[in-house]
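The values are calculated or read from the model by the stated rules, or taken from the named source; none is laboratory data. Since this is a predicted model, take the numbers as computed values, not measurements. Here the Cβ is made from the backbone with ideal geometry for all residues, glycine too, and neighbour counts use every protein chain on show.
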Amino acid sequence: MSAEVKLVPVQEVYDDLVNRTLSRISCDLGRLIYLASTREYNTGNYHHEGLASRFGPEVARKALEIAHRQAFYKVSSFSLQDLVSELETYLRSTKENPQECLRAWQKLEPYRIAMPTDVNVTVARLFTSNLRLAVAILHFRQEPSHSRR
């Protein structure tokens, strides 16, 4: 029995990822969080069972890495106003209580693990700073008006 090896371009796998998976996620921040979740935190290697079985683990890993980096830089380029809107959309899309998620984001800063490895340090700092501000803005908006005085 001979195994047939098919070389698949990364672009084909990337397109499949975008069209079949990422297109179903409601916002860019959600796509970034999803892509970060495909990375094994102990090794930094990406894995997606469906892509790996369909195209092979190495090309799937590379496509996920590229998509993660692109999603990160896209979200990093948002204005603060757009980032606040993205965060609102993301929090509403989770199955959890948005207020509880917001409190957890404020305390734990889980968005820090959404950053790909080896990104520009300045962009990484801007990303975390802007997300911290977006979380604070949403938290402030939720406070009753009488406690703002």
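Just to verify a result, which residue in the stretch 1-30, among those that are of a type in the set (Ser, Thr, Tyr) and at pLDDT 95 or above, is farthest from Leu51 (Cα to Cα)? In this case the residue turns out to be Ser23.
Would you be able to say whether some residue in the stretch 113-133 is in contact with a His (Cβ under 7 Å, 6 or more places away or on another chain) and modelled with pLDDT of 95 or more? Looking for residues that are in contact with a His (Cβ under 7 Å, 6 or more places away or on another chain) and modelled with pLDDT of 95 or more, one finds at least one in the stretch 113-133, hence yes. Can you tell me how many residues within the stretch 30-71 are closer than 14 Å to Ile113 by Cα and among the aliphatic types (A, V, I, L, M)? Summing the residues that are closer than 14 Å to Ile113 by Cα and among the aliphatic types (A, V, I, L, M) in the stretch 30-71 gives 5.
Selection of the stretch 36-70 for residues being more than 14 Å from Asp15 (Cα to Cα) and under 10 Å from the mean Cα position of the chain (by Cα) yields Ala36, Ser37, Thr38, Arg69.
Screening Arg103 on (1) among the basic types (Lys, Arg); (2) at pLDDT 95 or above; (3) surrounded by 12 or more Cβ atoms within 10 Å (Cβ to Cβ); (4) closer than 30 Å to Leu133 by Cβ shows it passes everything except condition (2). Criterion applied to Val123, Val135, Val119 was being in contact (Cβ under 8 Å) with a residue 40 or more places away in the chain, among the aliphatic types (A, V, I, L, M), surrounded by 13 or more Cβ atoms within 10 Å (Cβ to Cβ) and within 17 Å of Gly30 (Cβ to Cβ), and the one residue passing it is Val135.
When restricted to residues that are more than 14 Å from Gly30 (Cα to Cα) and hydrophobic (A, V, I, L, M, F, W, C), the stretch 79-101 contains 1. So, of the residues in the stretch 107-116 that are part of a helix (DSSP H, G or I) and surrounded by fewer than 16 Cβ atoms within 10 Å (Cβ to Cβ), which turns out to be farthest from the chain's Cα centre (by Cα)? Filtering first and then ranking leaves Lys107.
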